[in-house]
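The values are calculated or read from the model by the stated rules, or taken from the named source; none is laboratory data. Please read these numbers as outputs of a predicted model, since none were measured by experiment. Glycine gets a Cβ as well: all are built from the backbone with ideal geometry, and neighbour counts include every protein chain shown.
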Amino acid sequence: MHIDDTGPDTPERTSAMLDCNAAMRMLWDFLDGHLAAADDAALRAHMDKCSHCFPHAQFGELLLKAVAEQRRAPESTASVRDGVLARLALEGYEAP
Ligand SMILES: [Zn+2]
């Protein structure tokens, strides 16, 4: 009897296309610029096509920008966390 060890066809399980969970795990490294070039390209390709992940990427960029701005403000007595949360609230995001 023939044994089929390739399994059923699952078109979504291609190595070229990340799934959303994998993309989300890579997002922070991506935003920090820590991803290897191949991973960076794969994540960009996913973001390009995936309407689910794209808002997360936008949020991440916004968050990193807020953190960077907060660190550039030595006069500020507020904590980085409070400053970042305040800025995100301005942009319409709820505090976690
Ligand atoms: Zn996705």
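What the table shows:
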| read-out | value |
| --- | --- |
| Single condition Cys20 does not satisfy, out of (1) surrounded by 15 or more Cβ atoms within 10 Å (Cβ to Cβ); (2) within 12 Å of the ligand (Cβ to nearest atom); (3) at pLDDT 85 or above | (1) |
| Selection from region 51-63 of residues that are under 15 Å from Met26 (Cα atoms) and among the aliphatic types (A, V, I, L, M) | Ala57 |
| Identity of the residue in region 23-38, in contact (Cβ under 8 Å) with a residue 24 or more places away in the chain and either loosely packed, with under 15 Cβ neighbours inside 10 Å or of a type in the set (Val, Ile, Thr) (or both), that ends up farthest from the ligand (Cβ to nearest atom) | Asp32 |
| Residue list for region 39-53, restricted to those being assigned to a helix (DSSP H, G or I) and either within 8 Å of the ligand (Cβ to nearest atom) or out of contact with any helix residue (DSSP H, G or I) (no Cβ under 7 Å at 6 or more places or on another chain) (or both) | Ala41, Ala42, Arg44, Ala45, His46, Met47, Asp48, Lys49 |
| Number of positions in region 72-95 that are modelled with pLDDT of 75 or more and surrounded by 12 or more Cβ atoms within 10 Å (Cβ to Cβ) | 10 |
| Residue ID - nearest to Tyr93 (Cα to Cα), chosen from residues in region 39-58 that are surrounded by 12 or more Cβ atoms within 10 Å (Cβ to Cβ) and among the acidic types (Asp, Glu) | Asp40 |
